[in-house]
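The values are calculated or read from the model by the stated rules, or taken from the named source; none is laboratory data. These numbers were taken from a predicted model, which means no experiment stands behind them. Cβ placement follows ideal geometry from the backbone for every residue including glycine, while neighbour counts extend to all protein chains displayed. Surface areas here come from the heavy atoms of the whole protein model, side chains and all, with no ligands, DNA or RNA. Shrake-Rupley method; radii C 1.70, N 1.55, O 1.52, S 1.80 Å.
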Amino acid sequence: MRGIWLATVSRLDWPPVSSVNVSSAALRISLQQKALTDKLDKLKSLGINTVFFQVKPDGTALWSSKILPWSDMLTGNIGEDPGYDPLQFMLDEAHKRGMKVHAWLNPYRVSVNTQSSTVAELNRTLSQQPASVYVLHRDWIRTSGDRFVLDPGIPEVRDWITSIVAEVVAHYPVDGVQFDDYFYTESPGSALNDSQTFRQYGQGYSSKADWRRHNTQQLIEQVSRTIKQLKPDVEFGVSPAGVWRNLSHDPAGSDTRGAAAYDESFADTRRWVQQGLLDYIAPQVYWPFARQAARYDVLAKWWAEVVKPTSTRLYIGIALYKVGEPSKNEPDWTVQGGVPELKKQLDLNESLPNIDGTILF
């Protein structure tokens with residue numbers, strides 16, 4: 001596996017910002033499609049064989065959905081038909097080049113901010129088909145990490161997300177489906193207020209943390225089962241934060257001192273591997289060998305041990321975006337342009353038999 005994540009949230013990688021404000025729809029479409037085929041040509045020439053294409057950056061879609069409105073990333077307006085189907089276009093063009101495509105979805109994010117202009121835009125979708133979940137199910141929406149998100153503790157929310165995955169898998173020849181690391185996202189100043197949900201659904205759980213992990217577990221089980229029922233050959237994977245748990249909290253954890261998925265995102269990522277719920281896991285190990293709090297080699301080897309007795313494949317996510325970028329805590333990214341650090345990481349992945357590939361972010 002030699003993969004790359006292609007992010008559409010905030011138009012990070014695609015579509016080009018300049019394509020959105022052009023005078024004619026035909027020009028916009030040709031600019032966006034050319035930008036994508038140029039990228040695929042470049043990626044193929046670099047040896048990339050799989051693209052993780054972000055088709056659900058928030059509460060909108062980059063495919064022709066009956067559940068979600070069209071993404072404003074394409075036209076500047078939520079719900080406006082872009083005049084073509086980006087997911088279908090990506091699949092056609094990538095498959096033509098012998099490359100695989102995994103549909104990458106962010107499960108719970110509804111918007112990237114809570115500004116009044118965003119609220120107005122979400123409200124405007126009420127007259128559209130389909131309207132935003134923000135107006136259809138206001139009771140599912142919470143504010144967390146300064147953005148609108150769905151409350152993962154509500155069973156109907158998990159059913160709804162599963163139905164979105166099912167729509168993609170049933171109607172498109174995707175090679176896989178991937179969730180990123182945003183299960184529960186909170187920032188110190190913007191915690192998710194799910195006390196009412198906990199009171200309603202948390203019976204039998206002494207701690208909210210255990211209940212939250214149970215909710216994430218339920219989603220993964222449900223989505224895994226649904227994909228396998230629809231198309232057993234479509235792979236399901238997750239790209240969680242690189243640290244499952246730190247050794248200081250759990251004897252099975254890694255010798256690290258980083259933010260842990262288990263404790264901060266309420267995602268027991270190791271358990272999913274052990275239970276065979278995932279075809280692959282792609283932990284984001286975004287630190288250099290010299291970063292003592294979360295050493296690249298320590299984490300890569302820890303994950304290699306976790307997948308060893310299982311049938312889950314391990315792809316390591318690498319921080320290509322840090323290469324060449326000055327960093328006080330991680331100076332290695334600028335030593336000789338960051339190339340030796342990147343090479344060391346790729347070489348380690350090649351040398352460990354239980355690592356089946358690398359994905360670049």
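Overall, the accessible surface of the chain at a probe of 1.4 angstrom is composed of carbon and sulfur to the extent of 50 percent.
Each residue of the range 147-158 was assigned a 3J(HN,Hα) from its phi angle through the Karplus expression (A = 6.51, B = -1.76, C = 1.60, θ = phi - 60°), giving 9, 7, 9, 7, 7, x, x, 8, x, 5, 5, 5 Hz with x at Gly and Pro.
In order along the range 111-122, phi translates into HN-Hα couplings of 8, 8, 8, 10, 4, 4, 5, 5, 4, 4, 5, 5 Hz, rounded to whole numbers, per the Karplus curve 6.51 cos²θ - 1.76 cosθ + 1.60 with θ = phi - 60° and x for Gly and Pro.
When the charge dipole of the range 135-192 is built from unit charges on Cβ atoms (+1 for Lys and Arg, -1 for Asp and Glu) and taken about the Cα centre, the candidate among VAL157, PHE179, GLY189 whose Cα reaches farthest toward its positive end is GLY189.
Tell me which trypsin sites (Lys or Arg not before Pro) from the range 276-361 have a DSSP coil assignment and no more than 12 other beta carbons within 10 Å of their own. Walk me through the numbers on the way to the answer.
Details: sites: ARG291, ARG295, LYS301, ARG313, LYS322, LYS328, LYS343, LYS344; in loops: ARG291, ARG295, LYS328.
Sparse-neighbourhood loop trypsin sites (Lys or Arg not before Pro): LYS328.
Note: relative contact order over the chain, using C-alpha pairs below 8 Å and six or more positions apart, is 13 percent.
Fully extended, how many nm does the chain gain between ALA191 and ASN329 (0.36 nm per residue separation, minus their Cα-Cα distance)?
Taking 0.36 nm per residue and subtracting the Cα distance, the gain is 47.0 nm.
In square angstrom, what is the accessible area per residue of the chain with a 1.4 angstrom probe? Can you show the working numbers first?
On the way: 15260 Å² over 361 residues.
Accessible area per residue, the chain: 42 Å².
Considering only PHE289, VAL323, ILE359, and ranking their Cα positions along the charge dipole of the range 233-359 that arises from unit charges at the beta-carbon of Lys, Arg, Asp and Glu, the one farthest toward the positive end is PHE289. Only Lys, Arg, Asp and Glu carry charge here, each on its Cβ (+1 for the first two, -1 for the last two); on that basis the range 240-361 has a dipole of about 80 debye about its Cα centre.
For the range 81-223, the pair-distance distribution built from all alpha carbon pairs, in bins 10 Å wide starting at 0, is 10, 34, 34, 17, 4, 0 percent.
Just how large is the dipole of the range 19-108 about the Cα centre, in debye to the nearest 20, putting +1 at every Lys and Arg Cβ and -1 at every Asp and Glu Cβ? Could you put the intermediate results ahead of the total?
Numbers: 10 positive and 9 negative charges, 74 e Å.
The dipole magnitude comes to about 360 debye.
Annotation: THR114 carries an accessible surface of approximately 60 Å², with a 1.4 Å probe and no ligand, DNA or RNA atoms counted. As a test, work out the antiparallel percent of DSSP beta bridges whose residues both lie in the range 1-147, rounded to the nearest 5. Roughly 10 percent of the DSSP beta bridges within the range 1-147 come out antiparallel. Helical runs (DSSP H, four residues minimum) scored at -39500 (n - 2.57) apiece and divided by the length of the chain put the mean residue ellipticity at 222 nm at -11000 deg cm²/dmol. Globularity index of the chain is 0.98 (Cα radius of gyration / 2.2 N^0.38 Å, N = number of residues).
Of the whole protein surface, PHE198 contributes about 50 Å² of accessible area at a 1.4 Å probe radius. Modelled this way, with points 7 Å down the Cα-to-C-beta line, the labels at ALA293 and ASP210 are 3.0 nm from one another. Here the dipole of the chain is about 200 debye; that uses its Cα centre as origin and unit charges on the Cβ of Lys and Arg (positive) and Asp and Glu (negative).
Do the alpha carbons of any pairs in LYS66/LYS100; LYS66/LYS96; LYS322/LYS343 sit beyond 20 Å of each other, and which pairs? Intermediate values should be presented prior to the final figure.
Numbers: LYS66/LYS100 25 Å; LYS66/LYS96 27 Å; LYS322/LYS343 13 Å.
Pairs exceeding 20 Å: LYS66/LYS100; LYS66/LYS96.
The accessible area of ILE355, taken with all protein chains in place and a 1.4 Å probe, comes to roughly 10 Å². The string of couplings for the range 196-211 from the Karplus curve (6.51, -1.76, 1.60, θ = phi - 60°) is 5, 4, 4, 4, 6, 10, x, 3, x, 10, 6, 10, 5, 4, 5, 5 Hz, one whole number per residue in order, with x for Gly and Pro.
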